[in-house]
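The structure under discussion appears below in the form of structure tokens.
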Amino acid sequence: MLYGTTPPRQGTSPNDIQLAAEKLVARTKTLDLDGLIVYDVQDESERTDEPRPFPFLPTLDSRVYSQILHQLAQIPIVTYKCVTQMDEAEWEEWLNQSARDFGTTTLSLVGSPTRKRTGDAVSLSKATEMARTHAARFVLGAVAIAERNSETRSESQRMIHKARAGCEFFISQSVYNSQKTITLLNDYARECREAGLAPKRVILTFAPCGRAKTLEFLKWLGVSVPPEIEASILGSVDPLSQSIEICRSILGEILHELEDKTLPLGLNIESVSIKKEEIDASIELFRVLEKELKAF
């Protein structure tokens, strides 16, 4: 059971960074958390021709915020890192610094959103290998995106490849399409079984949505939102409550349709919005989905 957050913007004063961290810890302290996730926010504007609904604002180094949150909450932190901006020597130094100066223990590595690398930038597979063999013995994770699982590009096979490279868990992007996630989970479990491998834990991400702008941003991020679900949320007199109920229903459907009931799962709850009501709704969503998962 995880809760995801983004670091404050670059240029935020140390005092305001500390206050933001304290607010997050206070907000989540009543939850039965196993850890927090700190994202490494990227521009991603080259990934799509669609205009970004919200302007991209560079954020604080994810390691800095992870360290502050760990000191305050005393629970594990999963630190995201986009690896395609450094060459191998720079990546090695980043790993050294992460262990030495920030106490980083758990990383979730992501590659370029456009599948392009420039110059001598380290590949995701090489970066994973270097992190796996590093003296710090990092625990490694990766992303799993059901939306890119297709007949021509198997996401489940990519997950198996990443697991063989050293990844111990996978975190999805926000789920609003149950069928795509069900297909991916069942493909992954079946292909692991056929290969004689124990499947790694898959952590499903959910986020509340109470506004058209938030929904637009989710779709811009690549989240599949079926038209009937979009209409149900935006047509409701209480869109936030409706989105929470939809997420609960989606999780229930996923759990019911699992072919392998022993597939290790987890949940990550986040708010992609900075609006207070949607952040508050993410705490309620955590409780609702935790209850659904534990009942299963």
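The values are calculated or read from the model by the stated rules, or taken from the named source; none is laboratory data. Remember, it's a predicted structure, so these values are computed and weren't measured experimentally. Note that we place each Cβ from the backbone using ideal geometry, even for glycine, and neighbour counts take in every protein chain shown.
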field: One residue from SER249, SER271, SER236, SER243 being under 21 Å from the mean Cα position of the chain (by Cα) and assigned to a loop (DSSP other than H, G, I, E, B)
entry: SER271
message: Here's a check for you: in segment 182-210, which residue that is touching a Ser or Thr at 6+ places or on another chain (Cβ under 7 Å) and charged (D, E, K, R) is nearest to GLU147 (Cα to Cα)?
response: ASP187
- prompt: What is the residue count in segment 15-30 for residues that are over 24 Å from LEU285 (Cβ atoms) and either in a loop (DSSP other than H, G, I, E, B) or of a type in the set (Lys, Arg) (or both)?
  reply: 0
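Select, from LEU251, LEU204, LEU267, LEU258, the only residue that is under 23 Å from VAL25 (Cβ atoms) and modelled with pLDDT of 95 or more. Walk me through it before giving the result.
Numbers: LEU251 fails: under 23 Å from VAL25 (Cβ atoms); LEU204 fails: under 23 Å from VAL25 (Cβ atoms); LEU258 fails: under 23 Å from VAL25 (Cβ atoms).
It is LEU267.
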- line: Checked pairs for segment 89-109, first without any contact (Cβ under 8 Å) to a residue 12 or more places away in the chain, second surrounded by fewer than 16 Cβ atoms within 10 Å (Cβ to Cβ), C-beta under 7 Å and 6 or more apart or across chains, list as none
task: Please verify whether segment 141-159 includes one or more residues that are in contact with a Cys (Cβ under 8 Å, 6 or more places away or on another chain), among the small types (Gly, Ala, Ser) and in contact (Cβ under 8 Å) with a residue 24 or more places away in the chain.
output: yes
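Identify, from the list SER45, SER62, SER66, the residue that is surrounded by fewer than 20 Cβ atoms within 10 Å (Cβ to Cβ), closer than 20 Å to GLN10 by Cα and either at pLDDT 95 or above or in contact with a Pro (Cβ under 9 Å, 6 or more places away or on another chain) (or both). Reasoning before the result, please.
Values: SER62 fails: surrounded by fewer than 20 Cβ atoms within 10 Å (Cβ to Cβ); SER66 fails: surrounded by fewer than 20 Cβ atoms within 10 Å (Cβ to Cβ).
It is SER45.
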query: Can you name the condition, by its number, that ARG190 falls short on among (1) surrounded by 20 or more Cβ atoms within 10 Å (Cβ to Cβ); (2) modelled with pLDDT of 95 or more?
result: (1)
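Of the residues GLY222, GLY235, only one is touching a residue at least 40 places away in the same chain (Cβ under 8 Å) and surrounded by fewer than 20 Cβ atoms within 10 Å (Cβ to Cβ); which? Spell out how you get there, then give the answer.
Details: GLY235 fails: touching a residue at least 40 places away in the same chain (Cβ under 8 Å).
The conditions single out GLY222.
If we scan segment 137-151, do we find a residue that is of a type in the set (D, E, K, R) and under 21 Å from the mean Cα position of the chain (by Cα)? Show your work before the answer.
Step one: filter segment 137-151 for residues of a type in the set (D, E, K, R), giving 137, 147-148, 151.
Going one step further and asking which of them are under 21 Å from the mean Cα position of the chain (by Cα), we end up with 147-148.
Checked segment 137-151: at least one residue is of a type in the set (D, E, K, R) and under 21 Å from the mean Cα position of the chain (by Cα).
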- request: Please work out if LEU72 is part of a helix (DSSP H, G or I) and either out of contact with any Gly (no Cβ under 7 Å at 6 or more places or on another chain) or at pLDDT below 95 (or both).
  value: yes
